[in-house]
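First comes the structure, then the notes that go with it.
The values are calculated or read from the model by the stated rules, or taken from the named source; none is laboratory data. This is a predicted model, so every value here is computed, not measured. Here the Cβ positions follow ideal geometry from the backbone for every residue, glycine too, while neighbour counts run over all protein chains shown. Accessible surface is based on the protein model in full, side chains and every heavy atom, while ligands, DNA and RNA are left aside. Shrake-Rupley method; radii C 1.70, N 1.55, O 1.52, S 1.80 Å.
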Amino acid sequence: MKRREFITLLGGAAAWPLAARAQQPTMPVIGFLHSQLPDQYADRLRPFRQGLKDTGYVEGQNVAIEYHSAEGQPDRLRAQVADLIRRPVAVIAGNTIAMLAAKVATTTIPIVFYTGGDPVEAGLVASLNRPGGNVTGVSFFGTVLGAKRLELLRQLVPKATTIAMLVNPSPDAEGERRDVQAAAQVIGQQLIVLDANSDRDIETAFATFVQRGAGALFASTGAFMISHRERLVTLAARHALPASYAARETVVAGGLMSYGTSLADALRQVGVYTGRILKGEKPADLPVMRPTKFEFVLNLKTAKTLGLEIPPTLLALADEVIE
């Protein structure tokens, strides 16, 4: 072989890896955005990743995930969304408040939300069956279960003439506030309703509830209540207030009871929808997922500490009993 031909061949061979790399698809990036502190939603990432895996995506292998947090300060969300758009990311996923900020910022990047409220009322989608635009997601409709939760709490603490309701004002909780107040009015149940946006608000609210003679506590749905579950459980125990929560996670942490849909399953579905969108499906064609399974969870150890005897009828209804 002539020297010139050899050099030409060698040069072509050296270029092969570069050409091969150029032909390899770029790993898609998902932006996961949340309004709370990172350590307050870390447990939700496992089912989200599982949903991605169910559709063939594994973090670090064929998909990357960038985690952003407003650290409990919603006014930071706009800057966080802008950063994700600049990257750019292929899909943005997260909770209600974060995804409302994302929807304002982009009409092209797909958005997948999870919410405990009505996504139509919140302004996330045009309708449940036909979301339209670049947004879809999962609603576990925790807020519409308020009347049922109130009924279960009354069965557990029938002598409570006054029930306290602690609400974190948010798109997820406002519908629940109305439903619980309406249900209480129908049955003649007295309510004390207070809002909380911080640890200090929670402390102040509990002191007010006790001072006004509340016999039980109803904690509203939403990310704030879940992220502050340890504080809620501690204060409920300190003031001997039987309490009802929306999420199983709070009962595992020592809360008395919860009734709602599975948050873990909702997050898994968010991962599934995100994976399907990465494969080419459009958010507008994916109806908002709704819950099919509801969980009633009781903590017997907490009930014993409070001196409560759980009626056999409630024990029979429970999907899970923590001892």
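Worth pointing out:
- Count of the stretch 212-224 residues, restricted to those that are without any contact (Cβ under 8 Å) to a residue 60 or more places away in the chain and either β-branched (Val, Ile, Thr) or open to solvent by 10 Å² or more (accessible area, probe 1.4 Å) (or both), is 4.
- Tabulated pairs, the stretch 59-77, first under 16 Å from GLY31 (Cβ atoms) and part of a strand (DSSP E or B), second open to solvent by 30 Å² or more (accessible area, probe 1.4 Å) and small (Gly, Ala, Ser), C-beta under 9 angstrom, 6+ apart or interchain: VAL63/ALA90
- Residue match in the stretch 76-98 (condition: crowded, with 20+ Cβ neighbours inside 10 Å and among the charged types (D, E, K, R)): no
- Residue match in the stretch 125-143 (condition: assigned to a helix (DSSP H, G or I) and either at pLDDT 90 or above or not polar (S, T, N, Q) (or both)): yes
- Checked against (1) surrounded by 17 or more Cβ atoms within 10 Å (Cβ to Cβ); (2) out of contact with any Lys or Arg (no Cβ under 8 Å at 6 or more places or on another chain); (3) under 17 Å from GLN155 (Cα atoms), ALA316 passes all but condition (1).
- All of ILE92, ILE97, ILE85, ILE163 fail the test of being in contact with a helix residue (DSSP H, G or I) (Cβ under 9 Å, 6 or more places away or on another chain) and without any contact (Cβ under 8 Å) to a residue 40 or more places away in the chain, apart from ILE85.
- Flag for ALA246 being within 15 Å of GLY94 (Cα to Cα), modelled with pLDDT under 95 and either open to solvent by less than 40 Å² (accessible area, probe 1.4 Å) or touching a Pro at 6+ places or on another chain (Cβ under 7 Å) (or both): no
- Only one of VAL193, VAL186 that is more than 17 Å from GLY260 (Cβ to Cβ), open to solvent by 20 Å² or more (accessible area, probe 1.4 Å) and in a helix (DSSP H, G or I): VAL186
- Selection of the stretch 104-124 for residues being surrounded by fewer than 20 Cβ atoms within 10 Å (Cβ to Cβ) and in a helix (DSSP H, G or I) yields VAL104, ALA105, VAL120, GLU121.
- Enumeration of residues in the stretch 200-214 that are assigned to a helix (DSSP H, G or I) and among the basic types (Lys, Arg): ARG200
- Looking across the stretch 78-97, the residues that are closer than 22 Å to LEU52 by Cα and modelled with pLDDT of 90 or more come down to VAL81, LEU84, ILE85, PRO88, VAL89, ALA90, VAL91, ILE92, ALA93, GLY94.
- Entry remark, the stretch 142-151: residues being of a type outside the set (Lys, Arg), surrounded by fewer than 21 Cβ atoms within 10 Å (Cβ to Cβ) and under 26 Å from ARG268 (Cβ atoms) number 1 in total.
- Within the stretch 235-263, residues that are touching a residue at least 60 places away in the same chain (Cβ under 8 Å) sit with their Cβ atoms under 9 Å from residues that are assigned to a helix (DSSP H, G or I) and among the aromatic types (Phe, Trp, Tyr), at 6+ positions apart or across chains, in these pairs: LEU241/PHE206; LEU241/PHE209.
- The number of residues in the stretch 273-289 being open to solvent by less than 20 Å² (accessible area, probe 1.4 Å) and in contact with a Gly (Cβ under 8 Å, 6 or more places away or on another chain) comes to 5.
- Listed by position, the helices (runs of 4 or more DSSP H) contained in the stretch 219-308 that have at least 1 residues being under 30 Å from MET27 (Cα atoms) and not polar (S, T, N, Q) are 263-278.
- Qualifying residue in the stretch 255-268 (condition: modelled with pLDDT of 95 or more and farther than 18 Å from GLU151 by Cα): no
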